[in-house]
1. Among the candidates K316, K269, K286, K297, which residue alone is in the same structural domain as K396 (by TED's automatic domain parsing), assigned to a strand (DSSP E or B) and more than 11 Å from the ligand (Cβ to nearest atom)?
2. Go through the range 168-204 and give me each residue that's more than 17 Å from S32 (Cβ to Cβ) and without any contact (Cβ under 8 Å) to a residue 24 or more places away in the chain.
3. Considering only the range 511-568, how many residues are outside any helix (DSSP H, G or I) and within 16 Å of the ligand (Cβ to nearest atom)?
4. From N115, N205, N119, which residue is among the polar types (S, T, N, Q) and not assigned by TED's automatic domain parsing to the domain that holds S52?
5. List every residue pair whose Cβ atoms sit under 6 Å apart, with the two residues 6 or more apart in sequence or on different chains, where the first one lies in the range 84-97 and is assigned by TED's automatic domain parsing to the domain that holds V155 and in contact (Cβ under 8 Å) with a residue 12 or more places away in the chain and the second, anywhere, is surrounded by 24 or more Cβ atoms within 10 Å (Cβ to Cβ) and of a type in the set (S, T, Y).
6. Quick check on the range 482-491. Is at least one of its residues of a type outside the set (D, E) and in a strand (DSSP E or B)?
7. Restricting to the range 15-45, count the residues that are at pLDDT 95 or above and part of a loop (DSSP other than H, G, I, E, B).
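The values are calculated or read from the model by the stated rules, or taken from the named source; none is laboratory data. Everything numeric here is computed off the predicted structure, so don't read it as measured data. All Cβ positions, glycine included, derive from the backbone under ideal geometry; neighbour counts span all protein chains shown.
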Amino acid sequence: MEYSTLADRYEKLEAVASKLAKADIIGEFLKSIPSYELPKIVLLLQGRVYPSYSENELGIATQMMIKSISKASGFSAAKVEEIFKRTGDLGLTAEQCVKSKRQASLLKKKLTTDNVFENLQKLATIAGQGSQDKKFSLIAELIISAQPKEARYIVRTVLGELRIGAAEGIIRDAIVKAFLADEKSSKEEKEKATEAVENAWSLLNDYGEVAKIANEKGIKGLQKVGIQLGKPIQVMLGLAAEKIEDVVKEFGEIIAEYKYDGMRVVVEKKGNHFWLFTRRQEDVTKQFPDIVELAKKCLKADECIVEGEVLGIDTKTGYPLPFQAMSQRVHRKYDIDRLVKEIPVQVNLFDVMYVNGTPLFNEPLIERRKELARILKPIKGKFQLAKHIITGDVKKLEQFYGDAVEGKQEGLMLKVPNAPYVFGRHVGTMYKIKPVMENLDLVIIGAIWGEGGRTKWLTSYELACRDPNTGKFLSCGMMSTGLNEDEYELMTKELKKIIISENGKIVIVKPKIVLEVGYQEIQKSPNYESGFGLRFPRFVRVRDDKGPDEADTITRVKKLYSSQGKAG
Ligand code: ATP
């Protein structure tokens with residue numbers, strides 16, 4: 001397919017706001033695409049060239065893009081930057097620059113989606129010495145070959161900000177519309193089709209593949225998509241509960257487990273092969289050879305998928321290390337053996353979804369837990385079952401909760417014994433209870449360069465919560481306390497990669513980094529877009545296990561505000 005055909009669709013999508021209209025446009029488009037092209041095109045529609053679980057990232061910073069546009073168009077970098085300041089969008093900047101260089105365009109060979117896709121994939125794999133130069137040339141070449149509108153979308157795709165609003169839910173609905181249900185279908189038929197798409201997606205994690213199966217094999221084909229060992233799954237998520245009593249009142253007897261404050265891990269085993277995935281589907285197998293060793297010794301099934309929480313353990317006290325220890329382990333790409341010794345881990349397993357060819361996710365939790373105990377030969381303190389009790393006695397549960405907090409764990413998870421495992425959703429059958437509920441997970445949307453001895457760092461961060469209806473991020477305060485020098489250094493390095501624009505000391509960044517933030521109080525404030533501001537916000541930790549789409553919402557901020565007794 002010519003890339004210009006796709007660029008036309010991007011433009012159409014950009015011009016409409018409603019989710020329904022977007023799903024209609026994409027649905028119609030998907031129908032016109034031959035099956036073999038669907039995987040690539042669906043990824044491109046999402047502004048990607050690899051599925052979300054892939055480790056490959058394009059990783060291109062604003063400055064490199066300015067240089068590439070400059071090289072491709074012949075405009076000076078200063079001129080490109082000037083246009084960028086005016087448009088606030090490097091895609092539009094590239095479009096304008098290419099338009100002004102129109103003369104040569106008749107001689108250009110037409111770009112295809114394959115050209116763009118393959119070159120962008122290459123971009124993500126260039127590494128080592130001279131990689132920056134190679135990336136720079138590759139982007140410039142693509143822009144040189146592009147028509148103005150194509151340049152807009154190529155640049156935006158490279159930067160990871162396509163801005164056409166093709167969120168995952170919209171792609172899901174578009175696939176349903178294109179291949180599985182039309183206007184004449186009943187509500188039930190549409191729901192069944194949506195469920196089948198979701199089922200396949202939670203196991204494949206790639207709407208491109210899902211679209212192809214939907215087109216070729218319909219609902220039955222999607223329903224048959226099974227567990228694929230070696231591929232990550234979408235994990236089940238819980239809800240927050242205020243009191244143990246409330247959960248017991250609703251469900252009676254429950255399975256209560258320690259809520260460990262570490263990193264969620266899905267361990268997949270196929271014979272002698274092991275894979276470890278995080279809740280965001282990142283493959284962390286290489287970073288945790290110690291967990292692979294333990295899994296080898298302790299998991300008795302030939303094939304299985306189990307799930308648990310990994311903690312770093314303080315060897316002196318035996319207590320869990322702060323969450324940051326896990327972050328360190330996840331991000332370390334070299335000298336891993338040393339870190340294995342410095343930060344030993346403990347895995348606490350709480351679920352199993354698959355054993356020796358049999359999917360278990362539709363079995364009740366209580367049965368899954370029995371199966372987990374059957375296939376596990378635990379090593380105490382290293383690779384074991386999460387501590388749990390099964391009871392409907394509130395007193396016993398309160399006592400157990402006290403034990404958890406005393407043992408320096410985060411709190412409890414309360415789970416309904418007959419609940420199935422539902423991939424990728426927040427479910428009403430699993431609740432967390434924590435003593436401190438107030439911390440918020442917020443996204444950095446801007447920053448300010450420091451003063452005095454700190455001019456080299458971005459030291460204040462503008463925080464935002466999420467509006468689930470519009471997907472927008474609404475500011476709710478500035479935070480500059482709680483970080484040490486190393487953390488400022490690291491944060492500055494990460495923020496520099498995602499700068500959208502700079503004005504004096506003030507920097508606007510792409511909403512990407514999620515922070516857990518503590519504070520004294522939530523106040524109403526007209527100064528912030530959300531209408532709320534945090535009093536004395538302080539940095540707790542980076543939530544690198546969460547994406548911006550998982551940050552706390554304005555609804556939660558309002559709820560917490562009201563729970564302070566000041567609703568209004
Ligand atoms: P939090 O911000 O409190 O960590 P969350 O927003 O990440 O919670 P929730 O679904 O609310 O996600 O809480 C579940 C998380 O708690 C899981 O993702 C997992 O990492 C962790 N966890 C720790 N112990 C358990 C357990 N026994 N069962 C399930 N999840 C557990």
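1. Only one candidate qualifies: K269.
2. Matches in the range 168-204: A181, E183, K184, S185, S186, K187, E188, E189, K190, E191, T194, E195.
3. Let us first name the residues in the range 511-568 that are outside any helix (DSSP H, G or I), namely 511-547, 551-553, 567-568.
From what's left, within 16 Å of the ligand (Cβ to nearest atom): 513-519, 539-547, 551-553.
Matching residues across the range 511-568 total 19.
4. Values: N115 fails: not assigned by TED's automatic domain parsing to the domain that holds S52; N119 fails: not assigned by TED's automatic domain parsing to the domain that holds S52.
That would be N205, the only listed residue that is among the polar types (S, T, N, Q) and not assigned by TED's automatic domain parsing to the domain that holds S52.
5. That search, which allows pairs on different chains as well, returns F84/T93.
6. No - not one qualifying residue is present in the range 482-491.
7. Of the residues in that region, 3 qualify.
Yes or no, residue by residue, for (1) modelled with pLDDT under 85; (2) among the basic types (K, R); (3) under 25 Å from M64 (Cα atoms):
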| residue | (1), (2), (3) |
| --- | --- |
| G452 | yes, no, no |
| L463 | no, no, no |
| P468 | no, no, no |
| L474 | no, no, no |
| I498 | no, no, yes |
